[in-house]
């Protein structure tokens, strides 16, 4: 009898351990898949250029192998890192280890490309454009990676201020921050990767005149561009998703209500944390525009002897991309705020202004108060009503204050400078166009 009672106890631990092992294996499977995919992309980008090794050996002799390791191995490493970043966003505090791994991996590419770009006898100059673009990408990914935590803090502040509620609905909304992927992430990953491929100078001629030995290097470079562009684009899509979380439609869907606080010292009805968050998103999204604006200005105004004179082929494509980047930066800020503006405006029109109109009924017209009040009470009551009326009439309808408006305006006014530089750099073209219209007249 005692033995039969002990048998289940001795059989239970192996079964429990087996279940734990299966659970761990199932949980680790996505990470293993991601590592395998990322390593495969990196190895393909690093090994594909071996098709050109024979040609390089014929031209450079034993130095060909050093050239290969100096250029294509870092390219393969970067392609693998970008693929890993794309597949494992490592967002929010629930994955601190993943976030640390991602940060170390992405910053490890910077010294590799810095060493790669040091001029040598096979490379007549440091590729300033490429290195600055890569540095901009790394900084952008670093800032974008902090966005979920900032939105989490923003929602918590709004919850504590009791301008966004009910509290349990806010907590449910915060759970959406844990979703690394969405429709917008996929769409923008593809769009940015495609934009990089389209704007490569002479990409058509390169692809049409390929020899067998040149296929490998082109595959390596394309893999690198697609991985980097898709990673950057996925974060743009994720930032758009974060902006839509506080949109009017999503608030209605989640049964959330916004209640602005009259006279709040933040001058935005207590909703300034939302304005600060969307300004942060806008500044993060402005990094590509800043990069493009600087290089458009340098290329436009640079003379033939300037270090960046060899980048003239990028100018027209960069002008188009700059317009797109500025539009994205503005929309990232304006669209979510306009949705909040609609809610605040509706509250003002239906609640605040209705109350303001009720403060001065017919008894108070022409300065006349009810007869039941003495003169002192009438003056005090009237002053309180006037102050309340002004407070209601001046209720804000945007979740931003003057400092946010000023910073956003100055940032976008600065983007006009490269267009002026582009016009000045093409002054001869504009003069010819003016002469043509004069001749027609």
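Read-outs throughout are calculated quantities, based only on the coordinates presented, and are distinct from any laboratory measurement. Everything numeric here is computed off the predicted structure, so don't read it as measured data. As a convention, Cβ positions derive from the backbone with ideal geometry for all residues, glycine included, and neighbour counts pool all protein chains shown.
Details
- Neighbour-count order for 326, 219, fewest beta carbons within 10 angstrom listed first: 219, 326
- Mean Cα-pair separation over length for segment 207-346, i.e. relative contact order, pairs under 8 Å, 6 or more apart, %: 31 percent
- Spin-label pair residue 115-residue 338: with each label point 7 Å from Cα along the Cα-Cβ axis, the two points sit 5.0 nm from one another.
- Taking 0.36 nm per residue of separation and subtracting the current Cα-Cα distance, fully stretching the chain between residue 32 and residue 191 would add 54.5 nm.
- Distance between modelled label sites at residue 156 and residue 253, nm, 7 Å Cα→Cβ extension: 2.5 nm
- Taking 7 Å steps out from each Cα toward its Cβ at residue 43 and residue 359 produces label points 7.4 nm apart.
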